[in-house]
1. If only one of ALA217, ALA209 is in a loop (DSSP other than H, G, I, E, B), modelled with pLDDT of 95 or more and either surrounded by fewer than 24 Cβ atoms within 10 Å (Cβ to Cβ) or among the basic types (Lys, Arg) (or both), which one is it?
2. Looking at this structure, is VAL331 in contact (Cβ under 8 Å) with a residue 24 or more places away in the chain, surrounded by 16 or more Cβ atoms within 10 Å (Cβ to Cβ), under 15 Å from VAL221 (Cα atoms) and within 20 Å of the chain's Cα centre (by Cα)?
3. If PRO369 satisfies all but one of (1) surrounded by fewer than 17 Cβ atoms within 10 Å (Cβ to Cβ); (2) in contact with a Ser or Thr (Cβ under 8 Å, 6 or more places away or on another chain); (3) without any contact (Cβ under 8 Å) to a residue 40 or more places away in the chain, what's the number of the condition it fails?
4. Do we have any residue at all in the stretch 124-132 that's part of a helix (DSSP H, G or I), under 19 Å from VAL77 (Cβ atoms) and among the aliphatic types (A, V, I, L, M)?
5. So for the stretch 220-233 (the condition being buried (at least 24 other Cβ atoms within 10 Å of the Cβ) and more than 15 Å from the chain's Cα centre (by Cα)), does at least one residue qualify?
6. Among the listed residues ALA236, ALA174, ALA169, ALA194, identify the single one that is within 26 Å of PRO104 (Cα to Cα), at pLDDT 95 or above and either touching a Ser or Thr at 6+ places or on another chain (Cβ under 9 Å) or open to solvent by 10 Å² or more (accessible area, probe 1.4 Å) (or both).
7. Pairs needed: first member in the stretch 426-440, on the phi > 0 side of the Ramachandran plot and in a loop (DSSP other than H, G, I, E, B); second member anywhere, open to solvent by 30 Å² or more (accessible area, probe 1.4 Å) and modelled with pLDDT of 85 or more; C-beta distance under 7 Å; at least 6 residues apart or different chains.
Amino acid sequence: MTASYWAGDTSDPVGDLTVGGMLRDAAAQAPDRLALVEGIPDAGARRRWTYAELLDDSERVARALLARFEPGERVAVWANNIPEWELLELGAGLAGIVLVTVNPAYRASELSYVLRQSRASGLFLVPEVRGNPMLRWLDDVRPDLPELHEVIRLDQWDDFRAGGSPDTALPAVAPDDPAQIQYTSGTTGFPKGAHLHHRGIANNARFTATLLEMSDADAWVNPAPMFHTAGCVAGALCPLSMRATHVLVETFDPALVLELCESERGTVLFGVPTMLIAVLEHPDVATRDLSALEKVISGGATVPAELVRRIESILGVRFTIVYGQTEASPVMTQVPLDASAEDKAETIGVAHPCQEIAILSPETGEPVPFGEIGEICGRGYNVMLEYFEMPERTAETIDADRWLHTGDLGTMDDRGYLRIEGRLKDMIIRGGENIYPREIEELLFTHPDVADVAVVGVPDDRWGEEVAAVVRRLPGTEIDETALRSFVRDRLAAYKAPRRWAFVDELPLTPSGKIQKYVLREQLEKGELTPNADA
C-alpha cells in the first residue's frame, strides 16, 4: 500500500467486556491482591483495598445508587482523586448507571452547563478543592436544574453507602451500554458530552496495559485527574485489567508522586508532560529510591524529544507515548516500549490493536499518500456512541463510514508510524488540559470595555502551549491585563485564563472578515505584540 492507512493487530480480539465484569473477574482470580491505594501524604493513614474488598465495596455502592436512581440515569461526580471517585465509577458500572465526570476546577456557569446538558439526576461532590467553593457554586445554580433531584456529599459517604439494601439485585449490563459522559469542548465554545460505552473503555484499557507489558506485579502511580479518561480509564482500568495495583494520587504534587513511587514501589508512572517536567525538576528525584520504577507513559500534549531523553536517562525507565482523544475511549495510537529513540521522540506510534487509523484528505475524504499531511482519523470498537443529545455535532465528527475525525493534522510513514503536524481545530493543549478559544473569547466579549478579541495558543517550554489573548479595546477605555485576567478567572476554571495578553488597535482580518489567528501567533512568538502593543 502507498496510502496512509494502517490497521492495528487483531490477534487479540475485542472482548465482550463491561467495567463491572472486569472487576468481578479480577476479584475471582486475585481476591487477595492489592487493588487500590489512597495516595495521600500521610502513609500511615492510607486506605487500601484488595480486589475482594474492592468488589464488595463497589457492589454496596451499586445497591446504594439503585436505591436512588434507575439504570440508565446519569449521575455526575465532581471531586478530586479520592477513592470514592473510583468506587463510584465501579459501582455505577455494576448498576448500569452512566457516570458524568466534572472537572473540580469548574465554576458555577460551567457546572450548570454540564449538569443541564447531561440531564443529570444526581451529583456527588466534595465541599471544595484547592479553594474552589463547590458547594457555593452548586447553591447558585441548583434552582436552574430541575432534573437534579439528588445531591450527595462525598464527605458523608458512609451515610450514602448505608442506603442500599443487600437484597437489591444488580442489573445485567451489556458491553455496548453507555458507561460515561465525558465533556470536551469544541470550536463552538459549548462543551460536548462524549457518550462512551463499556466495550470501548474496558478494551481500550486492556490493550493499553498489554502494550505496556503490565502484569499483576505492577503498581500504577496515577496523578492524572479522574475526570479525564487518562485518569479514570487508563489510570483506573489498566491496573484492573491486569489485576495490578492502582495508586491514586489525591492531587498532583511532584514531591508526593516521588514519595509514592518509593513507598508503594511504583512500577508505572503516568503523567502529561507538564507533570513529568515538575517531577524531574523536583530535588527529591535525586534522593528517592525509584528502583522499582520501570515504565513511564505520557500523552495529552506534545512530548518534546528532549523530555523523552531526560525521562529515560534520569529515571532509568522505558518510555511510551499514547495519542488519542476522549471520543476514542481514549487511546488511538501508542509508541512501543522497544521503539527507537527517534520514534519515541518524533512520533505518536502506531495504530492500537483492533483499530484502523488513516490520514484522510480534508478535501476528498480519501487516504493521502504516505508522508503527506492530512487529518488523523480513527475507526473501531472504541469510538463513542455519540455526543450526548447533539446529533448534528456527532455527524460532524463521525462520518457515514464511522471514521472519527480528530481535527488533528498528521502524517503516516510506510511502517504505520504517525507524526503530529498541527491542528485543524483551534484547540489549545496546556499541560494536558484541552482549552477552546471560543469559550474564552465569548466571555471576554461580554466585558464592556472589549471591542474584539482573539485567543490563540503559543508555544511554551513548560506547559506545551500557553493561552494568549489579543484584545482590541473600545476607544477611550483603559482596561488592562490584570483586570481582564481577574474577569476570566472569576468566571472560568483558572487554567483557562490567558497568561499572555496584548492590546492592539486592529486585528488582522481575511477579505471575508475573519481574524487571521496564524498572523497573531507569529507576532506573539516573535515578540511583536506586548501587553501594551498599542500604547
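1. ALA217
2. Against the criterion (in contact (Cβ under 8 Å) with a residue 24 or more places away in the chain, surrounded by 16 or more Cβ atoms within 10 Å (Cβ to Cβ), under 15 Å from VAL221 (Cα atoms) and within 20 Å of the chain's Cα centre (by Cα)), VAL331 does not qualify.
3. (3)
4. Taking every residue of the stretch 124-132 in turn, none turns out to be part of a helix (DSSP H, G or I), under 19 Å from VAL77 (Cβ atoms) and among the aliphatic types (A, V, I, L, M).
5. Within the stretch 220-233, one or more residues are buried (at least 24 other Cβ atoms within 10 Å of the Cβ) and more than 15 Å from the chain's Cα centre (by Cα).
6. Being within 26 Å of PRO104 (Cα to Cα), at pLDDT 95 or above and either touching a Ser or Thr at 6+ places or on another chain (Cβ under 9 Å) or open to solvent by 10 Å² or more (accessible area, probe 1.4 Å) (or both) holds for just one of ALA236, ALA174, ALA169, ALA194, which is ALA194.
7. GLY431/TRP463; GLY431/GLY464
Residues checked against (1) in a strand (DSSP E or B); (2) closer than 19 Å to LYS344 by Cβ:
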| site | (1), (2) |
| --- | --- |
| VAL247 | yes, no |
| GLU259 | no, no |
| LEU276 | no, yes |
| LEU280 | no, yes |
| ASP284 | no, no |
| ASP289 | no, no |
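The values are calculated or read from the model by the stated rules, or taken from the named source; none is laboratory data. Predicted model only: the values in this text are computed from it and were never measured. Note: ideal-geometry Cβ built from the backbone for every residue, glycine included; neighbour counts use all protein chains shown. Areas reflect the complete protein model, heavy atoms only, side chains present, ligands, DNA and RNA absent. Shrake-Rupley method; radii C 1.70, N 1.55, O 1.52, S 1.80 Å.
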